[in-house]
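Engineer: So that we are looking at the same thing, I have put the structure below in structure tokens.
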Amino acid sequence: MASRANHLVLLRVLCAAALLCTQMIGRSAAQAQVYQAPVYQGPASQAAIPSPTAVSNFPIASDARLAGDAKQTRFILDLDKAIQFRAFALADPYRVVVDLPQVSFQLPAGVGVAGRGLVKAFRYGLIMPGGSRIVFDLTGPARIAKSYVLEAANGQPPRLVLEFEEVDRTAFVQSLAPESRPELRPAIAEANAAVARADAPAAPKPAPGPPDKRPVVVIDPGHGGVDNGTQAGGGDIMEKNLVLVFGLALRDRIEKSGKYRVVMTRTDDTFIPLGDRVKIARNESAALFVSIHADALRRGEGDAQGATIYTLSDKATDSEAERLADTENKSDAIGGVSLADEPTEVADILIDLVQRETKTFSNRFARVLMGEMKNTVRMHKHPLKSAGFRVLKAPDVPSVLVELGYVSNKGDLEHLVSENWRNRTVGSMAQAIDAFLAKQLATAGPGK
């Protein structure tokens, strides 16, 4: 453990520059179109999952529809008030993203699943406190020919309208300017933050207390916001909600002991890019990173059941592990994140040594976790697997990804929505975390 601590010190010095390269979010300013409307003044956040409480002064979206063909396609969103928005395109895969102030989406069930014309499908949700997002999956390269808001008139509500127009790949790529992409943030959230800063009185800084030296456990509920994850029950049951409720319960259980400090990557229905989840763990010098998910098989792919624990590996254990890693690694694309500027990997023998040691610790925790969970939870027939999950790639933080079960399996789904099952599973996971970290601390000795 002492040698690992020395490696960590060297790693953080060597990786300082590399961390600056992990900004994974960008978009094309050349493609962005902005509609300026009166700035919406609303609360900074929405109630947490599973049943967000509607807040009356959030703009309400009541309906959405597509019209047109494969040459020109129009999207219309019915609102209860005019709003400010930004629309921009992303490539590989082809997408159009619309950033809005935080909106209460009260759309009919199933809206966005079926596409039309240039749009294969679209999804919507919270992208950050104060901001919502709509992401369109396109059938091919297309430009935003027009984007505007129609004021209420003749008995019709205000409407957000986007008009897509087919273009070729060359014209599409030439319209993007990666070097001048603005940061990912709805314009309205920036305005609200500026107003809040101007109005808020300067608060006295509290006296710094003693540093909290307890080991940090990072709990990472997967997906969130515009990224729903897997779904069941006709779309009513979403993975992002199931794993958030589970993650919060796990946090509460771990904190009861007082031995560890718990950090959540998200505590509400907000989208967090994969790279930011990893950065949270590294910035907190976490002793452990646990990502929580729920899997699903497509109709016709057979059936599977039980919980699975994944660790990082360049080579997947089997085809199912590879499929899952590919699916989870698409989270940024689903959320409308530009994938053009991936961080450069830092190659260094010391970093490689730390990564190897971290992998050993990750595998050790996975075995401890399986030993505890199998006593209370139905496990997959092959409960320990590995694959190339991007969210597990912190080189100096032991990390696992837990698939609690399959929402596509009736028995697993009944467990996933059961409070009794959740409490038992949370208990076994908390016990495994305590057993693993207690052994690590004992091995490290005092002051390590």
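The values are calculated or read from the model by the stated rules, or taken from the named source; none is laboratory data. All figures in this text were calculated on a predicted structure; none of them were measured in a lab. Quick reminder, even Gly has a Cβ in these numbers, built from the backbone with ideal geometry, and neighbours come from all protein chains shown. Surface accessibility is based on the protein's heavy atoms, side chains included, excluding ligands, DNA and RNA. Shrake-Rupley method; radii C 1.70, N 1.55, O 1.52, S 1.80 Å.
Engineer: Ignoring any ligand, DNA or RNA, what whole percent of the accessible area of the range 69-159 comes from carbon and sulfur when the probe is 1.4 angstrom?
Structural biologist: Here carbon and sulfur together make up 50 percent of the probe-accessible area.
Engineer: Counting only the backbone N, which residues of the range 393-432 are under 18 Å from the spot 7 Å out from the Cα of T327 toward its beta-carbon?
Structural biologist: 401-417
Engineer: Under a cut-off of 28 Å between alpha-carbon atoms, report the lysines in cross-link reach of K279, not counting same-chain residues fewer than 8 places apart.
Structural biologist: The qualifying lysines are K205, K213, K240, K256, K259, K315, K330, K359, K385, K393, K439, K448.
Engineer: Please find the FRET efficiency linking E151 to A171, where r is the Cβ-Cβ separation and R0 is fixed at 30 Å, and quote it to the nearest 0.05.
Structural biologist: For E151 and A171, the calculated efficiency is 0.40.
Engineer: Just to confirm, what accessible area per residue do you get for the range 72-186 at 1.4 Å probe, in whole Å²?
Structural biologist: 41
Engineer: When all protein chains stay in place, what accessible area (Å², nearest 10, 1.4 Å probe) is found for K120?
Structural biologist: 120
Engineer: If you take the Cα atoms of the range 237-295, find Rg, then find the Kirkwood Rh from the mean of 1/r over all pairs, what is Rg/Rh?
Structural biologist: 0.96
Engineer: Let me ask something else. Need the list of aspartates and glutamates near K374 for cross-linking: C-alpha distance under 15 angstrom, and skip anything on the same chain fewer than eight residues off.
Structural biologist: Within reach: E403, D412.
Engineer: Next up: Could you compute the FRET efficiency for S418 and L339, with r as their C-beta to C-beta distance and R0 at 45 Å, rounded to 0.05?
Structural biologist: FRET efficiency, S418 to L339: 0.75.
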